[in-house]
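The values are calculated or read from the model by the stated rules, or taken from the named source; none is laboratory data. Only a predicted model underlies this, so the values are computations on that prediction, with no experimental measurement involved.
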Amino acid sequence: MRRGPTVQVGRQGPGLVGTMAKTAVIAGTATVAVGATKAVMSGGSNKQAAASQDAAQQQQIADLEAQQAQLAAQQQALAAQQAAAPVAPAGPVPGSLDAQAQQIQQLNVMKAQGLLTDEEYQAKKKQILGI
């Protein structure tokens, strides 16, 4: 009997949370760099630019930590939700009427294609039905 494709449960790649965190870090770093560049270009002293950059970095770190905590909570909630979700069967339950009907339908197709003789068809049909 041929089975359908299996569903892979594991996740591939970095995931949504990891991508969001990485994007936040890149965006924050770019913001700090732009702020420091503006300070230097506007003629401010190096000490003012450094102090401004330090303050911006501290704010960025605080924002990222808060974001990471929020993302971790969301990730835990998703993991709990996935663990509690029922798993749907891939196809009809073996031995059920649906499974028997599906097998007989496959036999009909094979017979129509000339892959089975009448005797083979009847024998396999009886086997499926348990006669």
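Going by what's in this entry, would G43 be described as at pLDDT below 70 and either of a type in the set (D, E, K, R) or under 24 Å from the mean Cα position of the chain (by Cα) (or both)? Write out each step before concluding.
Working: at pLDDT below 70: yes; either of a type in the set (D, E, K, R) or under 24 Å from the mean Cα position of the chain (by Cα) (or both): no.
The answer is no for G43.
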- For segment 48-76, name all the residues that are of a type in the set (A, V, I, L, M), at pLDDT 90 or above and more than 13 Å from G28 (Cα to Cα). A66, A69, L71, A72, A73
- Task: Could you please let me know if P14 is under 30 Å from Q127 (Cα atoms) and modelled with pLDDT under 75?
- Result: no
